[in-house]
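Heads up: the structure comes next, in structure tokens.
The values are calculated or read from the model by the stated rules, or taken from the named source; none is laboratory data. Note that the structure is predicted; figures quoted are calculated from it, not measured. Every residue, glycine among them, receives a Cβ derived from its backbone with ideal geometry; neighbour counts consider all protein chains shown. What goes into the accessible areas is simple: the full protein's heavy atoms, side chains included, and nothing from ligands, DNA or RNA. Shrake-Rupley method; radii C 1.70, N 1.55, O 1.52, S 1.80 Å.
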Amino acid sequence: MQFLDFEKPLEDLYAQINKLKDMSSKNQVDVSNSIRELESAIETTRTNIYSNLTPWQKVQLSRHPERPYTLYYIEKMFTGFNELYGDRQVKDDKAMIGGMAMLNGMPVMIIGQQKGINTKMRQMRNFGMANPEGYRKALRLMKIAEKFNHPIITLIDTPGAYPGIEAEERGQGEAIARNLFEMVNLRVPVICVVIGEGASGGALGIGIGDRVCMLENTWYTVISPESCSSILWRSWSFKEKAAEQLKLTSENMSSFGLVDEVIPEPVGGAHSNPEGMATTLKAFLIKTIGELNKIDPDTRIEQRIEKFSKMGFYEEAE
Amino acid sequence: MSSTWFRRMKKGILTSTDEKLEAPDGIWHKCPECKATSTVKELHDNAYVCLKCNYHNRINAVEYFELLFDNNEYEALFENIKPRDMLGFLDLKPYDARLKDAQRTTGLTDAMTVGVGTINNQEIVIACMNFNFIGGSMGSVVGEKIARGIDFAILHKMPFMIISKSGGARMMESAFSLMQMAKTSAKLTQLAKARLPYISLMTDPTTGGVTASYAMLGDINIAEPKALIGFAGPRVIKETIKKDLPAGFQRSDFLLEHGFLDFIVDRTNLKYKLSQVLEWFVK
């Protein structure tokens, strides 16, 4: 188990349990009562910690190394997954994956950023930072789904679109812009869920949907707290403050009306009970697709445009 | 005996202020690129382009409108829409104070000005960004003015143009600024459905969320020479890849070569080119 800095009290309690267990196996003493007490202390402590998370702690949680990524959800929520590769122009982007799958017997197209689970895989997946090919592959898959009238689900988890020379040569800006433009008018239901990090245009590039949702302990905004700190505070050390000021949590985003729904995570975060998280998300997707299927495509598109057109705050003088 | 054969006879600066041969402010302009000097009038008459090296000085909406609209006649639209610090964003300075300072020093309400007028008798709605207003950053007002500009163009069946000049999204509006990318792209699909032309002119600089939304979505994407255009800023890329960037990287020619611009146009030729293109679109 890996503990984040604010989970230190939990780490201590787990250490105590282990010590007791060691002791009991060596000395044949019954410690089950003490262990039971400690376990209940763990539950209370966990609940306390998790009901008072700061924005920065939520950012840390969204990046927890044990947090489930897109492929995990695909494996748990769908059957018959067939990954589809390539943008048909340049290459296959490993940071953006997608393919055909069945959700409760219903065909869907699933697309999402993928982070690696160890050092080697993290490099292969480019830390979940897609190049233009990734966004173009995503769009290609969405168009297939539209053609065959199947819903689209996107899972967002990226620290941003990749800032590199080749990415610029091949038009990172154009690729994201094109996705925004095309996703607005997709004739099938589109559901987008932020499952980890929702950083800026790189997230939005697969984030235009009839329902845009966030898992509870994720963040979604225009810039990472670190970069925001470095630009506005001219120092990397104000990331906590930046996270606070950016109002980037699921709770904030939902109160602003910028996301449609927040999906609760198990106490202790998605990584403490990944299966439970996948079950919750699956149920949510089935229910939401059912609702969206009842709306005719033209109305759905109209509502999508209307929703995004309303976003913003300003004063209007007489 | 002193070895110096010349000596200051009197101490201090003796020329009185009245006698000084100093030009008053604002008559001369020194090109930041080639250091050549010209009079401000010469520069103005040459569309703020250096007469010697063709450097395109950064200008704002009021100058573009004078350059493009016939007889400098146009109606400024949606001037009643003003920014608001809804999040109470505070970094080294409150956003609210930044807005007030920017409004005072620029005389503008925000980084976007929309005007309707004619270019060689062809009606057009132009939304032009002001880089002098918080780096031309895209916040809610920028998005809303584009949205309303598009509604206006659709209602009056007019072509639409955006002149971009921006560092990207306005961080102090957080996710609201991000969503302006979605909002403006959504509105542009309505313009496209109405089969009205959309011309995107990118000027120095056009980066970040502006590039990744409306700037790249023109029926034609055009740019001024040597403008910096990109998604990620050069500094960020350099820090990420830890290598020097090639010469000319992310400049207009680079984008043209890689297929993201239809053409590059000198500002002195902009009005003529635009009227040609508009004629082709609407005829």
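Within region A:280-318, the residues that become at least 40 Å² less accessible when every protein chain is included than when their own chain is isolated (1.4 Å probe; DNA, RNA and ligands ignored) are A:ILE305, A:PHE308, A:SER309, A:MET311, A:PHE313, A:TYR314, A:GLU315, A:GLU316, A:ALA317. Accessible surface buried at the B:A interface totals approximately 4900 Å², computed with a 1.4 Å probe on protein heavy atoms.
Within region B:153-192, the trypsin sites (Lys or Arg not before Pro) that combine a DSSP coil assignment with at most 13 other C-beta atoms in a 10 angstrom radius are B:LYS157. The local environment of A:GLN89, defined by Cβ-Cβ distances under 12 Å, has a net charge of +2 under the rule Lys, Arg +1 and Asp, Glu -1. Positive contributions from Lys and Arg (+1) and negative ones from Asp and Glu (-1), summed over other residues with Cβ under 15 Å from the Cβ of B:LEU274, come out at -4. Using the Karplus relation 6.51 cos²θ - 1.76 cosθ + 1.60 with θ = phi - 60°, the per-residue 3J(HN,Hα) values for region B:39-50 come to 7, 4, 5, 4, 5, 4, 5, 9, 6, 6, 10, 4 Hz, with x marking Gly and Pro. Size descriptor for chain A, Kirkwood hydrodynamic radius: 20.9 Å (Cα pairs only, one decimal).
Using θ = phi - 60° in the Karplus curve 6.51 cos²θ - 1.76 cosθ + 1.60, the 3J(HN,Hα) couplings for region B:240-253 round to 6, 8, 6, 9, 6, 8, x, 4, x, 4, 6, 9, 3, 4 Hz; x is entered for Gly and Pro. Compared with its chain on its own, region B:46-81 contains the following residues whose accessible area drops by 20 Å² or more in the full protein assembly (probe 1.4 Å; ligands, DNA and RNA excluded): B:ASN80, B:ILE81. Once the partner protein chains are put back, region B:131-172 shows a loss of at least 50 square angstrom of accessible area, versus the chain by itself, at B:MET171 (probe 1.4 Å, ligands and nucleic acids excluded). Is chain B rounded, prolate or oblate when judged by the Cα gyration tensor, a ≥ b ≥ c being the square roots of its eigenvalues, rounded requiring a/c under 1.5 and prolate requiring a/b larger than b/c? Judged from the Cα gyration tensor, chain B comes out prolate (a/c at least 1.5, a/b above b/c). Between amide H atoms placed 1.01 Å from N, distances below 5 Å from B:ARG170 occur with B:MET138, B:GLY139, all of them 5 or more places distant or on a separate chain. Test of understanding: in a Gaussian network model of chain A with alpha carbons linked when under 10 Å, which of A:ILE153, A:ILE97, A:ILE289 would top the mean-square fluctuation ranking? So, out of A:ILE153, A:ILE97, A:ILE289, the one fluctuating most is A:ILE289. Annotation: per residue accessible area for region B:134-248 equals 28 Å², rounded to a whole number [probe 1.4 Å, protein chains only]. What is the distance in Å between the Cα centres of region B:193-217 and region B:124-170? Cα centroid to Cα centroid, the span is 9 Å. Give me the percent of accessible area attributable to carbon and sulfur for chain B, probe 1.4 angstrom. Carbon and sulfur: 52 percent of the exposed surface of chain B.
Placing unit charges on the Cβ atoms only, positive for Lys and Arg and negative for Asp and Glu, gives region A:21-135 a dipole magnitude near 300 debye about its Cα centre.
Loop-located GluC sites (Glu not before Pro) in region A:1-88 (DSSP state not H, G, I, E or B) with no more than 16 neighbouring Cβ atoms inside 10 Å: A:GLU66. Building the convex hull from the alpha-carbon atoms of the protein assembly as shown and averaging its projection over directions returns 41.2 nm².
Residue-wise HN-Hα couplings along region A:43-58, as the Karplus relation 6.51 cos²θ - 1.76 cosθ + 1.60 with θ = phi - 60° gives them from phi, are 4, 4, 4, 4, 4, 4, 4, 6, 8, 10, 6, 7, x, 5, 5, 5 Hz; Gly and Pro carry x. Charge tally around A:PRO297: other residues with Cβ under 10 Å, Lys/Arg +1 each, Asp/Glu -1 each, net -2.
The sum of -39500 (n - 2.57) across all DSSP H runs of n ≥ 4, divided by the residue count of chain B, sets its helix-only mean residue ellipticity at 222 nm to -9500 deg cm²/dmol. Calculation over all alpha carbon pairs of region A:249-318 in 5 angstrom steps from 0 returns a P(r) of 3, 13, 14, 18, 19, 13, 10, 6, 2, 1, 0 percent.
Loop-located chymotrypsin sites (Phe, Trp or Tyr not before Pro) across region A:1-72 with a Cβ neighbour count of 14 or fewer within 10 Å are A:PHE3, with loop assigned by DSSP.
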